[in-house]
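The values are calculated or read from the model by the stated rules, or taken from the named source; none is laboratory data. Keep in mind it's a predicted model, so treat the numbers as computed, not measured. Here Cβ is always computed from backbone atoms with ideal geometry, including for glycine, and neighbour counts include all displayed protein chains. SASA here: full protein model, heavy atoms, side chains in, ligands and nucleic acids out. Shrake-Rupley method; radii C 1.70, N 1.55, O 1.52, S 1.80 Å.
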Amino acid sequence: MANDCTHDDHTHVQEFFTARAADWDSRFPDDGPAYAAAVAGLGLRAGDAVLDAGCGTGRALPFLRDAVGPGGSVLGADLTPAMLEAAVGAGRHRAAQLLVADVARLPVRTGALDAVFGAGLISHLARPSEDLRELARTVRPGGLLALFHPVGRAALAARQGRQITPDDLRAEPNLRPLLAGSGWLMTSYTDEDDRFLVLAVRKD
């Protein structure tokens with residue numbers, strides 16, 4: 001039954017983003033500096049290997065490439081082919097290797113990565129605990145995770161015409177134990193009007 005639910009969740013996510021892929025970037029034209037600042041917050045080093053999980057149209061990819069340099073490795077994985085096609089159309093495939101992949105089953109060796117970047121990812125995970133554990137699997141002990149959104153929870157809720165509820169996964173009292181149970185130690189939590197950014201370290 002869980003597999004059926006996961007399939008349905010994936011189909012919903014793909015349909016949602018496929019319908020919006022072509023004009024996604026034009027809907028949010030001013031997010032570039034926020035992405036750049038979030039990537040800077042990861043503290044990547046030249047030569048690092050990093051995954052943009054749920055990379056969408058790849059807005060973070062050029063910043064990730066700049067951070068790790070020509071000797072580093074940048075992967076962009078997304079469940080929706082149309083979003084990756086938009087990334088290619090924007091030329092961002094030159095910054096990364098793009099993969100159609102589910103974050104629940106990543107084609108990445110255990111411990112191969114130094115960091116994972118996830119923009120707008122947490123609210124689209126079918127099984128948050130298991131999916132975050134899969135991300136942890138791909139990262140070396142001491143490696144990093146950034147969960148990012150270019151606006152904070154309150155601003156996003158207002159934009160969508162809804163209220164924040166106590167069960168919001170991105171609320172710190174919910175997210176901290178979720179990460180802890182999935183192999184991560186939260187080190188920083190920021191929820192401001194113009195940025196949501198959580199940093200975590202892969203536990204040994």
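Points worth noting:
- Output for region 46-58, where each listed residue is under 18 Å from residue 148 (Cβ atoms) and in a strand (DSSP E or B): 50, 51, 52, 53
- Region 154-167 - residue that is farther than 16 Å from residue 119 by Cβ and of a type in the set (A, V, I, L, M, F, W, C) and, of those, least open to solvent (accessible area, probe 1.4 Å): 157
- Check on residue 60, under 15 Å from the mean Cα position of the chain (by Cα), open to solvent by less than 10 Å² (accessible area, probe 1.4 Å) and closer than 11 Å to residue 119 by Cβ: yes
- Candidates 112, 126, filtered to the one that is in contact with a His (Cβ under 9 Å, 6 or more places away or on another chain), surrounded by fewer than 23 Cβ atoms within 10 Å (Cβ to Cβ), in contact (Cβ under 8 Å) with a residue 60 or more places away in the chain and over 20 Å from residue 40 (Cα atoms): 126
- Residues in region 27-42 that are open to solvent by less than 50 Å² (accessible area, probe 1.4 Å) and outside any helix (DSSP H, G or I) were compared, and the one that is modelled with the highest pLDDT is 31.
- Of the residues making up region 129-153, just one is in contact with a strand residue (DSSP E or B) (Cβ under 6 Å, 6 or more places away or on another chain), farther than 23 Å from residue 65 by Cα and open to solvent by 10 Å² or more (accessible area, probe 1.4 Å), namely 153.
- Test result for residue 154, modelled with pLDDT of 95 or more and not in a loop (DSSP other than H, G, I, E, B): no
- In region 86-101, residue farthest from residue 156 (Cα to Cα) [restricted to those that are open to solvent by 20 Å² or more (accessible area, probe 1.4 Å) and in contact with a Ser or Thr (Cβ under 9 Å, 6 or more places away or on another chain)]: 97
- In region 168-204, the residues that are in a helix (DSSP H, G or I), touching a strand residue (DSSP E or B) at 6+ places or on another chain (Cβ under 7 Å) and either open to solvent by 20 Å² or more (accessible area, probe 1.4 Å) or over 18 Å from residue 130 (Cβ atoms) (or both): 172, 176
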